[in-house]
Amino acid sequence: MRTYRYFLLLFWVGQPYPTFSNPLSKRTSGFPAKRKALELSANSRNELSRSKRSWMWNQFFLLEEYTGSDYQYVGKLHSDQDRGDGSLKYILSGDGAGDLFIINENTGDIQATKRLDREEKPVYILRAQAVNRRTGRPVEPESEFIIKIHDINDNEPIFTKDVYTATVPEMADVGTFVVQVTATDADDPTYGNSAKVVYSILQGQPYFSVESETGIIKTALLNMDRENREQYQVVIQAKDMGGQMGGLSGTTTVNITLTDVNDNPPRFPQSTYQFKTPESSPPGTPIGRIKASDADVGENAEIEYSITDGEGHEMFDVITDQETQEGIITVKKLLDFEKKKVYTLKVEASNPHVEPRFLYLGPFKDSATVRIVVDDVDEPPVFSKLAYILQIREDARINTTIGSVAAQDPDAARNPVKYSVDRHTDMDRIFNIDSGNGSIFTSKLLDRETLLWHNITVIATEINNPKQSSRVPLYIKVLDVNDNAPEFAEFYETFVCEKAKADQLIQTLRAVDKDDPYSGHQFSFSLAPEAASGSNFTIQDNKDNTAGILTRKNGYNRHEMSTYLLPVVISDNDYPVQSSTGTVTVRVCACDHHGNMQSCHAEALIHPTGLSTGALVAILLCIVILLVTVVLFAALRRQRKKEPLIISKEDIRDNIVSYNDEGGGEEDTQAFDIGTLRNPEAMEDSKSRRDIVPEALFLPRRTPTARDNTDVRDFINQRLKENDTDPTAPPYDSLATYAYEGTGSVADSLSSLESVTTDGDQDYDYLSDWGPRFKKLADMYGGLDSDKDS
C-alpha cells in the first residue's frame, strides 16, 4: 500500500492569527496522521498596498475506488475569522456537494460519502464559504477549490476490435507488414504505469511476430505457401504496467489470409490427347477440349493455349474458354480424308501474368501432344469453281450452247454425277443443261432489253446417292444486239407562229434506243422521203443525238393549214442499221411580237356558226359512209346462207367440216343431253340451246329415231373404267377424249382418195338407191362414168 502524507498549509496575509484545527469525530483508518487544511484569512490593514486574498488554495487529493466502511476523509476548511466560539458556519457547494461530499459546518471537515472512480470523473470543483451563524451574512467571499482523484490500476487494456482481419501475399519476405492492432487503457497515463501497454503474441508463432510497443504484426517465416496453408489465426495480448507482473491484460484475435501470387506454372495431367472428327466438319467446328491445371487462383490461374508445332497447325486452331480455362481444338480449314487422315499437333499452355521474381522456379508453361484422326464421310460433288459467269448474244437461236459446268465426287469412289437446273431460279425455263456433261444451252429466245442478267442455280447430284448434291450459282449475261430502232424520247407537239421567218428553230428533237452499243448511241435525223420535197419545214441534224425543226418559208396561215404532220426518220449507226419514223405535230398559231403563242384556233371566214365549208363537207361525207355501211351489213345478214359442200361437179375434193361448239359447263343442262348417247329416243325435238344466240329461228328438223347404239355405250363404259383404275391419272377432274368412230359403215368409205389407188373401174349406181340425200353424189359419180364411156 502506498502511504500518502498530507501537510497543513497555512497562508496568512497581513497580521497572523492563530489557527485551530480540531479533529473530526470520525476518522478513516489508514489515512495520514496529519490533516490537510485550507485556512481562510481575515482582512488586514497592514502597510501592504496590494489587495488581500480571502482564500489561500491547496488541492485536495482523494484515492479512487475506496473500499472502506466509513466515510473517506478529504480535508479541512478553516477561516481566520473563526475564533472557535461557534459563531461561524461553513457552507459547501459545487460538484457533488451535499451528496457525494459533505462538510462539518462547525469544524469545516470534508468527507466523501461514496466510492469514486477517476475514469468517470477525475476532478471535482467545489465552492466554500464561511457565514455568520447568527446573521447569515458571509464573513468571507465565496471561493473555489479542487478535489483531484488519484488513479489506481483498475482498468485492463481493451483492443479497438474484437477480431482483426488481414491479408498478406504468400511467399512474402520476412518482416513484411501485415496489420497493426491497437489497445487502449482507461487509466491515467500521466500517473505511474497503469496505462502503459505492451503487446505480445500468444498464438501464431513462428509464422508471425508483433512489435511490443506499436502492435505491428509482421511475417516471421520465409516462403509461406498459400497452396499448403491459406488461413492463420494469431492471438495478440496487450498488458499494462509495462508488461510487469500484476498488470492487467486483454487479448484479440487476428485472422490472416495468404493471398495468391503466380508461383505455380500450368501443368497438363497427361502428355498425349487423341480426338476424331469427320472430314465434313466446317471451319470453326470444335473437336475436343484439353485442360492444364494450375494451383494458383484468380488471374494467376489464367491459361492461354496455342499450337506451337506439328503438321496440322495450319488446319486446326485452339482457343481458350475463359470460364473453364480449357483449350478448345477447332477446325481451321476444310479437311479432306483422301489427302490426309491423321494430324499431330503440339499444344502449349502458359500463364499470361508472370511475376519476374518467381522465374527462377522454371518456365511457366507446359506442352502436350494432340493427335487428330479424320473420319471419311460421303461428300457431295464439288464444282470446279465457286461461281460461273457466262455470256451469250441476245440473238442466239434456241439450243445454242452457252458454256458448261463441271463437278466431281471428291470421295475415293468417284461416283458419277448428273446435272440439273434449279427451276425455282429459272421459272420461265429459258435455259437447260445436259445432265451428262453439264453443257448449258438455251431453250427460249433471249431479249437483253427485257432482262440483262440471268441468275440461275445448277445442281450436281451423285447418281448412286441422290442425297449427296451441291449447288453452284451461274450468272449469264445477255450481250446486246442492235435489234431495236431508235424512237422519240417523248411525244412532240409544237407550234409555229404565223409570222415566223425562214430557218427559224421551233423544236429540238431527242431520241432514245433500248439497245446499248459498245461505242454509244449515234442517231441521225431526216425527213421521210415522201415528205421531204414539199414540206414547209426542214430537219437539221445536230450530230449530237439531237435535231432541230426549222421553218422553210416566211409566214404561215392557220386558216389555210392549221396543223402540219412531219414524219421524221431516226436511224442509228450500229449494225444492222435500225430506223423508225416518228411524227411531229406542228400547229400554226397566232403569236405576239415576242413570239409567245396566243391562239391556235382557225376562225371561220364564211359561216357565222364557226364551221368552214371543208368541215361541213367532211361531216356529211362521214354520215353518208356510215349509212351505206349499215345498209350493206343488213343486206348481207338477210341474204346470208350456207354454201354447199361441193359447188360444181368439177370441184371434186374432200371437205372437212369442223364442229367446234363447246358446251356451257356442268350447269348447262340444255346445251347437250348426254342421255341421247345411251337412249337416242329420249331426245326432245323442241329443246334448243340456251348458251348461244341462234342465228335464225328455224323449226327443228325431225330426224328418225335411231335404236340404242350398244357399241358406243360399251366403248364409253370401257374408257370410263380404264380412267377410274389408272394409277397415273391426275387427282382432279380432267377431260378425257374418246375419239371413237364406230365399227364401220354399210357404205364403206365414201372418200374419193381411195378410188385413185384402184386399178379397175368402180360402180357407183348403188348411190341412187340411198335416197335423196345422196342424189347429188350419185349424179356426180354417175356422170363421170358416162363421160368416161363416151
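The values are calculated or read from the model by the stated rules, or taken from the named source; none is laboratory data. These figures come from a predicted structure and were not determined experimentally. Because the Cβ atoms are built from the backbone with ideal geometry, glycine has one as well, and the counts that use them run over all protein chains shown. Accessible surface areas use protein heavy atoms only, side chains included; no ligands, DNA or RNA. Shrake-Rupley method; radii C 1.70, N 1.55, O 1.52, S 1.80 Å.
For the reader, a short list of remarks on this structure follows.
- On the stretch given as the range 148-176, residues that are acidic (D, E) and in a strand (DSSP E or B) total 0.
- The C-beta contact set for the range 764-780 (first residue touching a residue at least 40 places away in the same chain (Cβ under 8 Å) and open to solvent by 60 Å² or more (accessible area, probe 1.4 Å), second residue of a type in the set (K, R) and not in a helix (DSSP H, G or I), distance under 9 angstrom, 6+ apart or interchain) comprises D779/K649.
- Within the span defined as the range 272-294, one or more residues are among the aliphatic types (A, V, I, L, M) and either crowded, with 20+ Cβ neighbours inside 10 Å or touching a Ser or Thr at 6+ places or on another chain (Cβ under 6 Å) (or both).
- Checking each residue in the range 413-449 for being assigned to a strand (DSSP E or B), free of Cβ contacts under 8 Å to residues at least 40 places away in the same chain and open to solvent by 40 Å² or more (accessible area, probe 1.4 Å) picks out only N432.
- Screening S271, S280, S200 for residues that are within 30 Å of V377 (Cβ to Cβ) and small (G, A, S) leaves exactly one candidate, S280.
- From G665, G595, residue being under 30 Å from K543 (Cβ atoms), small (G, A, S) and at pLDDT below 85: G595
- Of everything in the range 347-369 that is part of a loop (DSSP other than H, G, I, E, B) and under 45 Å from the mean Cα position of the chain (by Cα), the residue that is surrounded by the fewest Cβ atoms within 10 Å (Cβ to Cβ) is P363.
- Subset of the range 270-298 (residues that are in contact with a strand residue (DSSP E or B) (Cβ under 6 Å, 6 or more places away or on another chain) and over 24 Å from D336 (Cβ atoms)): S271, T272, R289, I290, K291, A292, S293
- Residues in the range 402-412 that are open to solvent by 50 Å² or more (accessible area, probe 1.4 Å) and farther than 20 Å from Q391 by Cα were compared, and the one that is modelled with the lowest pLDDT is A412.
- Being modelled with pLDDT of 90 or more, assigned to a strand (DSSP E or B) and touching an Asp or Glu at 6+ places or on another chain (Cβ under 9 Å) is a description that applies to F525.
- The residue of the range 302-318 that is surrounded by the most Cβ atoms within 10 Å (Cβ to Cβ), among those that are touching a residue at least 40 places away in the same chain (Cβ under 8 Å) and not in a strand (DSSP E or B), is I303.
- Every condition in (1) within 41 Å of the chain's Cα centre (by Cα); (2) crowded, with 18+ Cβ neighbours inside 10 Å; (3) of a type outside the set (A, V, I, L, M, F, W, C); (4) closer than 23 Å to E323 by Cβ is met by G298 except one, and the failing one is (2).
- Residue, modelled with the highest pLDDT, within the range 697-716, restricted to residues that are open to solvent by 80 Å² or more (accessible area, probe 1.4 Å) and assigned to a helix (DSSP H, G or I): D714
- Residue within the range 372-385 that is of a type outside the set (A, V, I, L, M) and more than 25 Å from E462 (Cβ to Cβ) present: no
- Restricting I398, I392, I476, I459 to residues that are part of a strand (DSSP E or B) and more than 40 Å from the chain's Cα centre (by Cα) narrows the list to I392.
- Looking only at the range 319-340, and only at residues there that are of a type in the set (V, I, T) and closer than 19 Å to E302 by Cα, the one that is surrounded by the most Cβ atoms within 10 Å (Cβ to Cβ): I329
- Scanning the range 482-504 for residues that are open to solvent by 50 Å² or more (accessible area, probe 1.4 Å), touching a strand residue (DSSP E or B) at 6+ places or on another chain (Cβ under 6 Å) and part of a loop (DSSP other than H, G, I, E, B) yields A489, D503, Q504.
- Output for the range 505-516, where each listed residue is open to solvent by less than 40 Å² (accessible area, probe 1.4 Å) and farther than 18 Å from I539 by Cα: D513, D515
- Residue check, Y343 among the hydroxyl-bearing types (S, T, Y), open to solvent by 50 Å² or more (accessible area, probe 1.4 Å) and outside any loop (DSSP other than H, G, I, E, B): no
- Condition met for V179 (out of contact with any Pro (no Cβ under 6 Å at 6 or more places or on another chain), in contact (Cβ under 8 Å) with a residue 60 or more places away in the chain and either part of a strand (DSSP E or B) or hydroxyl-bearing (S, T, Y) (or both)): yes
- Close pairs (8 angstrom Cβ cut-off, 6 or more residues apart or separate chains): under 11 Å from N545 (Cβ atoms) in the range 504-516, open to solvent by 40 Å² or more (accessible area, probe 1.4 Å) and part of a strand (DSSP E or B) anywhere: A511/E487; V512/E487; D513/E487
- Breaking point among (1) more than 14 Å from I149 (Cβ to Cβ); (2) open to solvent by 40 Å² or more (accessible area, probe 1.4 Å); (3) of a type in the set (D, E, K, R), for E120: (1)
- Taken over the range 189-223, the residue count meeting the criterion of being open to solvent by 90 Å² or more (accessible area, probe 1.4 Å), touching a residue at least 40 places away in the same chain (Cβ under 8 Å), within 17 Å of G243 (Cβ to Cβ) and in a loop (DSSP other than H, G, I, E, B) is 1.
- Pairs, first more than 14 Å from D515 (Cα to Cα) and among the charged types (D, E, K, R) in the range 574-594, second open to solvent by less than 30 Å² (accessible area, probe 1.4 Å) and not in a strand (DSSP E or B), C-beta under 6 Å, six or more apart: R587/C600
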